[in-house]
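Asks: Mind having a look at this structure? Questions to follow.
The values are calculated or read from the model by the stated rules, or taken from the named source; none is laboratory data. As the structure is a computational prediction, the values presented were derived from the model and not from experiment. Using ideal geometry, Cβ is built from the backbone for each residue, glycine included, and neighbour counts are taken over all protein chains shown.
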Amino acid sequence: MVEEYDRRRRGNSSLLAAGSQTRRAARVRLSGGSSLTSLPPTWLTVVAWISIGTALIAGGVIGFDIFVRGHRQTHGVMNAVYPITALYLGPLALLLYWRWGRKDAGTHEMMAMGQVAHRGHGRPRWVTIAIEVFHCGSGCVLGDLIGEWTIYALALTVAGRALYAEYIGDYILAISFGIVFQYFAIAPMLGLGVREGLKRAAQADFIALTAFEIGLFGWMALMASVFFPAPHPLMVNSAAYWFLMQIGMIVGFVTSWPANVWLLNRGIKLAM
């Protein structure tokens, strides 16, 4: 009986080891088939945590100011846009919010009663464009965050590459969230129903959202092929990965800027 017990225990241990190896193999497929992953340099990890921590603090300060101290935005969707933007622009998003985006407590309710004029007038043109990029970029960032972690958790690949799966998943989610964000901005302004509002939102932001993702995807290609190529890929569960993604989102911000200028000048997109 003792020998039978030992055999069963060794068999169970083998099954657990095999399961662990299967899960590791699934993670490996995310890197395009390599069995090795890269440990980023210590300095990069330190910089990454500083950048991520600073961004989270900036987003937390904005969120606290909006939701706890009552400085709600005229357009409700912007209550989410500013904290999300801080996830990659960090203190810069906080500075722009505090200087140009912050509303007095109670302004939202007073606006609803027609007692306060819109405060967007008189601000520099570049601020208006930056806020529009914030708006479309926040949908992209939210989609990218969800897409990256989902693809990593499920070990999804396309043509043997996780990068291609990330492109598809991130883009679909980014466009979806971006259009929803635009709907909640444009539909109230124009008094549109759901169907017409979504149609107008897609017209207003599809080009800008795509431009943002083009910039980000180009940077992601550099991450996967130049900075940390196989057989030493940088994984999604590392701080360095998300620091580089922050940079990629800033690149997306830059590539989306001309698209937003064009959409505003053509009257396709309405300034908030």
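Asks: For Val133, are the conditions met, namely being buried (at least 22 other Cβ atoms within 10 Å of the Cβ), more than 30 Å from Pro233 (Cα to Cα) and either touching a Ser or Thr at 6+ places or on another chain (Cβ under 7 Å) or modelled with pLDDT of 95 or more (or both)?
Replies: Values: buried (at least 22 other Cβ atoms within 10 Å of the Cβ): yes; more than 30 Å from Pro233 (Cα to Cα): yes; either touching a Ser or Thr at 6+ places or on another chain (Cβ under 7 Å) or modelled with pLDDT of 95 or more (or both): yes.
Yes: the conditions hold for Val133.
Asks: Still on this model: Being closer than 27 Å to Leu56 by Cβ, aromatic (Phe, Trp, Tyr) and surrounded by 22 or more Cβ atoms within 10 Å (Cβ to Cβ) is the requirement here; does Phe181 meet it? Steps first, please.
Replies: Details: closer than 27 Å to Leu56 by Cβ: yes; aromatic (Phe, Trp, Tyr): yes; surrounded by 22 or more Cβ atoms within 10 Å (Cβ to Cβ): yes.
For Phe181, the condition - closer than 27 Å to Leu56 by Cβ, aromatic (Phe, Trp, Tyr) and surrounded by 22 or more Cβ atoms within 10 Å (Cβ to Cβ) - is met.
Asks: Evaluate region 253-265: report whether one residue or more is closer than 25 Å to Trp49 by Cβ, surrounded by 18 or more Cβ atoms within 10 Å (Cβ to Cβ) and out of contact with any His (no Cβ under 8 Å at 6 or more places or on another chain).
Replies: Of region 253-265, the ones closer than 25 Å to Trp49 by Cβ are 253-254.
Add one more test, that the residue is surrounded by 18 or more Cβ atoms within 10 Å (Cβ to Cβ), and what stays is 253.
Adding the requirement that they be out of contact with any His (no Cβ under 8 Å at 6 or more places or on another chain) leaves 253.
Yes: region 253-265 contains one or more residues that are closer than 25 Å to Trp49 by Cβ, surrounded by 18 or more Cβ atoms within 10 Å (Cβ to Cβ) and out of contact with any His (no Cβ under 8 Å at 6 or more places or on another chain).
Asks: Which one is farthest from Leu87 (Cα to Cα), of the residues in region 208-240 that are touching a Lys or Arg at 6+ places or on another chain (Cβ under 9 Å) and part of a helix (DSSP H, G or I)?
Replies: In this case the residue turns out to be Ala224.
Asks: Consider Leu244 against the criteria (1) over 22 Å from Trp43 (Cβ atoms); (2) out of contact with any Cys (no Cβ under 6 Å at 6 or more places or on another chain); (3) not in a loop (DSSP other than H, G, I, E, B): it satisfies all of them except one. Which criterion is unmet?
Replies: For Leu244, the failing item is (1).
Asks: Sticking with this structure for a sec: Need pairs with beta-carbon distance below 6 Å; first residue in contact (Cβ under 8 Å) with a residue 60 or more places away in the chain and within region 207-232, second surrounded by fewer than 15 Cβ atoms within 10 Å (Cβ to Cβ) and of a type outside the set (Val, Ile, Thr); sequence gap 6+ or separate chains.
Replies: Filtered contacts from region 207-232: Pro231/Leu36; His232/Leu36.
Asks: With (1) out of contact with any helix residue (DSSP H, G or I) (no Cβ under 9 Å at 6 or more places or on another chain); (2) under 25 Å from Thr45 (Cα atoms) as the list, and Arg266 as the residue in question, which single condition is left unmet?
Replies: Unmet for Arg266, out of (1) out of contact with any helix residue (DSSP H, G or I) (no Cβ under 9 Å at 6 or more places or on another chain); (2) under 25 Å from Thr45 (Cα atoms): (2).
Asks: Looking only at region 51-76, which residues are part of a helix (DSSP H, G or I) and within 19 Å of Cys136 (Cα to Cα)? Please lay out each step first, then the result.
Replies: In the first step, residues of region 51-76 are kept if they are part of a helix (DSSP H, G or I); the result is 51-68.
Of everything in region 51-76, those that are part of a helix (DSSP H, G or I) and within 19 Å of Cys136 (Cα to Cα) turn out to be Ala55, Gly59, Ile62, Gly63.
Asks: Those residues that are closer than 18 Å to Ala211 by Cβ, among the aliphatic types (A, V, I, L, M) and surrounded by 18 or more Cβ atoms within 10 Å (Cβ to Cβ), I need them from region 225-249; list them, please.
Replies: Across region 225-249, the qualifying residues are Met245, Met249.
Asks: Something else: Counting just the residues of region 77-104 that are over 21 Å from Gly122 (Cα atoms) and outside any helix (DSSP H, G or I), which one comes out modelled with the lowest pLDDT?
Replies: Here the answer is Val77.
Asks: Would you confirm whether any residue within region 105-115 is assigned to a helix (DSSP H, G or I) and either loosely packed, with under 13 Cβ neighbours inside 10 Å or modelled with pLDDT of 60 or more (or both)? Break it down stepwise before answering.
Replies: Step one: filter region 105-115 for residues assigned to a helix (DSSP H, G or I), giving 107-112.
Now drop any that are not either loosely packed, with under 13 Cβ neighbours inside 10 Å or modelled with pLDDT of 60 or more (or both), which leaves 109, 112.
The answer is yes, given that some residue of region 105-115 is assigned to a helix (DSSP H, G or I) and either loosely packed, with under 13 Cβ neighbours inside 10 Å or modelled with pLDDT of 60 or more (or both).
Asks: Related question: Any idea which of (1) among the charged types (D, E, K, R); (2) farther than 13 Å from Val141 by Cα; (3) buried (at least 16 other Cβ atoms within 10 Å of the Cβ) is the one Asp170 doesn't satisfy?
Replies: Going through the list (1) among the charged types (D, E, K, R); (2) farther than 13 Å from Val141 by Cα; (3) buried (at least 16 other Cβ atoms within 10 Å of the Cβ), Asp170 breaks only (2).
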